[in-house]
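Trainee: Pasting in a structure now, in structure tokens, and then I'll have a few things to ask.
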Amino acid sequence: MRDWSPERVAEAAGARLIAPAPSGVGGPESVVIDSREAGAGALFAGLRGETQDGGAFAPQALAAGAWGVLVAPEHADAARCAAPGVLLAAADPLAALGALATAWRRELACSVVGVTGSTGKTSTKDILAAMLSPQRRTVASPANFNTEIGLPLALLGAPAGTEAVVLEMAMRGPEQIAELTRIAEPDAGIIVNVGPVHLERLGALEDVAAAKAELIRDMPAGGTAVIPAGEPLLDPHRRDDLNVVTFGEGGDVRLLEADGERVVIDAAGERLELELSFTQAHNRSNALAAVAAARAIGVQPSGRIDVPFSALRGERIDLPGDVAVINDCYNANPMSMRAALDELAMSASGRRVAVLGDMLELGADERAFHAEVGAHASERGVDMLVSVGPLAAAMIDTFDGEAHAVADAGEAAALVGELLAPGDTVLVKGSRGVGLEVVAEALAAAAEAR
């Protein structure tokens, strides 16, 4: 937005320009929501939080040299006497931020893909961005910029000349995917899968599907919806004015052959041969969705696809003594737990150890879901299970091998190091609130200290 005038920025955001802009001032170079990041060229958006109103920091942002501030009217008035800068007032700064992001998305006139799903959406986003980057100037959502705050910031972070944007869309309840879809106006939308997540808030699996399908419901006409083949929960949400492409077994985009990193894909009758930098079965499935979305926006993936996956999502850490740690503790639900255990079973050459934490927000059947994971661990030949937390303890009841139950991540970190033997492969996975990354960090630190 560097070439936009303050007046144009105000109009795009639906805000009021309440202070005359300095003569010759162009637009902002970046948009931030933390006043500590509001240096030269930045537009500081002061948003209302649960405990404080970020707009109160408008004077500090201007004093730090910010281009300007986008805040509630009372904070804009209070900032009049601060350092010079553009003052934009909006009754709802968050809505103004979203409107500004939509205006910038239209200015870019690029292809936009939205990615949601109960599990695997971040990895799918990473894979798709890697497929697009060799052929298009591509920007993808950084880290966890997947909410009504993060997604607009991801869009606004796309520089002029961007040709493709891949946006992750997170959901905690009804109408949240709808809000993100309205902001992003995607040309293609991926629903990676539908599974038992956020049941505590949504109630039933059909409600989860309906919330995810807001992406289909609110996409602009003429776009492409990429959905799993054979998923009946999404059938009621299909639209006649969208191109629907299915992926997976029996779908329009399906896997024909897989040999290590080499895969052969049937993409609607066209044979594609790719070399992927991963071999996990669940990520191969995610790659099928990514291929479908890439083709929907005119990109034919080819050659080798090197994917820098986001942190804490299946990261492999090799330790002395031929011990491997799979750090997959960013989040967890029954679907992703099963997929991770399947991968542990296939990749481990020695003893299989699973350190599994509570899966949160699963509603009334939460203990049954945890018990099912314990049974699946037994079926997949896991040799040792360490459950972490009160809910995960239910896994022990249905697990046949050596088992240990601990109360929290700290206890797990202390115990697991004592239990490991040379040649072990250790899966560490649980919901984000359990904080199981400390287990992987402790194992790595102990190995370095030896």
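The values are calculated or read from the model by the stated rules, or taken from the named source; none is laboratory data. Fair warning: this is a prediction, and the values are worked out from it, not measured in the lab. In this analysis, Cβ positions are derived from the backbone assuming ideal geometry, glycine residues included, and neighbour counts consider all displayed protein chains.
Here is a yes/no grid of residues against (1) under 26 Å from the mean Cα position of the chain (by Cα); (2) surrounded by fewer than 18 Cβ atoms within 10 Å (Cβ to Cβ); (3) among the polar types (S, T, N, Q); (4) at pLDDT below 95:
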residue: A354; (1), (2), (3), (4): yes, no, no, no
residue: G374; (1), (2), (3), (4): no, no, no, no
residue: S387; (1), (2), (3), (4): yes, no, yes, no
residue: A392; (1), (2), (3), (4): yes, no, no, no
residue: E402; (1), (2), (3), (4): no, yes, no, no
residue: P422; (1), (2), (3), (4): no, yes, no, yes
residue: V428; (1), (2), (3), (4): yes, no, no, no
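Trainee: Could we say that A101 is under 25 Å from the mean Cα position of the chain (by Cα), closer than 18 Å to P159 by Cα, at pLDDT 95 or above and not assigned by TED's automatic domain parsing to the domain that holds P152 here?
Mentor: So A101 passes the test.
Trainee: Check whether at least one residue in the stretch 387-408 is outside the structural domain of Q280 (by TED's automatic domain parsing), part of a strand (DSSP E or B), touching a residue at least 40 places away in the same chain (Cβ under 8 Å) and farther than 21 Å from A281 by Cβ, and report yes or no.
Mentor: Yes, that holds for at least one residue.
Trainee: Identify, please: which residue in the stretch 430-449 is of a type in the set (D, E, K, R) and farther than 23 Å from A368 by Cα and is, among those, farthest from the chain's Cα centre (by Cα)?
Mentor: Checking each candidate, the answer is E448.
Trainee: Which residues, taken from the stretch 200-238, are acidic (D, E), in contact (Cβ under 8 Å) with a residue 24 or more places away in the chain and surrounded by fewer than 21 Cβ atoms within 10 Å (Cβ to Cβ)? Steps first, please.
Mentor: At the first step, the residues of the stretch 200-238 found to be acidic (D, E) are 200, 206-207, 214, 218, 231, 235.
Still in the running and in contact (Cβ under 8 Å) with a residue 24 or more places away in the chain: 200, 206-207, 214, 218, 231.
Of everything in the stretch 200-238, those that are acidic (D, E), in contact (Cβ under 8 Å) with a residue 24 or more places away in the chain and surrounded by fewer than 21 Cβ atoms within 10 Å (Cβ to Cβ) turn out to be E200, E206, D207, D218, E231.
Trainee: Would you confirm whether or not the stretch 278-285 contains a residue that is out of contact with any Phe, Trp or Tyr (no Cβ under 9 Å at 6 or more places or on another chain), assigned to a loop (DSSP other than H, G, I, E, B) and loosely packed, with under 15 Cβ neighbours inside 10 Å? Walk me through how you get there before you give the answer.
Mentor: Step one: of the stretch 278-285, the residues out of contact with any Phe, Trp or Tyr (no Cβ under 9 Å at 6 or more places or on another chain) are 279-282.
Adding the requirement that they be assigned to a loop (DSSP other than H, G, I, E, B) leaves 279-280.
Subsequent filtering for residues that are loosely packed, with under 15 Cβ neighbours inside 10 Å retains none.
No.
Trainee: Give the residues of the stretch 180-221 that are part of a loop (DSSP other than H, G, I, E, B) and either modelled with pLDDT under 95 or farther than 15 Å from K121 by Cα (or both), sorted by residue number. First the steps, then the outcome.
Mentor: Let us first name the residues in the stretch 180-221 that are part of a loop (DSSP other than H, G, I, E, B), namely 185-187, 192-198, 203-204, 213, 219-221.
Those that are part of a loop (DSSP other than H, G, I, E, B) and either modelled with pLDDT under 95 or farther than 15 Å from K121 by Cα (or both): E185, P186, D187, G195, P196, V197, H198, G203, A204, M219, P220, A221.
Trainee: Let me ask another. Quick check: anything in the stretch 162-169 out of contact with any Lys or Arg (no Cβ under 7 Å at 6 or more places or on another chain) and surrounded by fewer than 24 Cβ atoms within 10 Å (Cβ to Cβ)?
Mentor: Filtering the stretch 162-169 down to residues out of contact with any Lys or Arg (no Cβ under 7 Å at 6 or more places or on another chain) leaves 165, 167, 169.
Adding the requirement that they be surrounded by fewer than 24 Cβ atoms within 10 Å (Cβ to Cβ) leaves none.
Checking the stretch 162-169: not a single residue is out of contact with any Lys or Arg (no Cβ under 7 Å at 6 or more places or on another chain) and surrounded by fewer than 24 Cβ atoms within 10 Å (Cβ to Cβ).
Trainee: List the residue pairs whose Cβ atoms are under 9 Å apart, where the first residue sits in the stretch 50-66 and is under 16 Å from L94 (Cβ atoms) and β-branched (V, I, T), the second is modelled with pLDDT of 95 or more and surrounded by fewer than 17 Cβ atoms within 10 Å (Cβ to Cβ), and the two are 6 or more positions apart or on different chains.
Mentor: From residues that are under 16 Å from L94 (Cβ atoms) and β-branched (V, I, T), there are no pairs.
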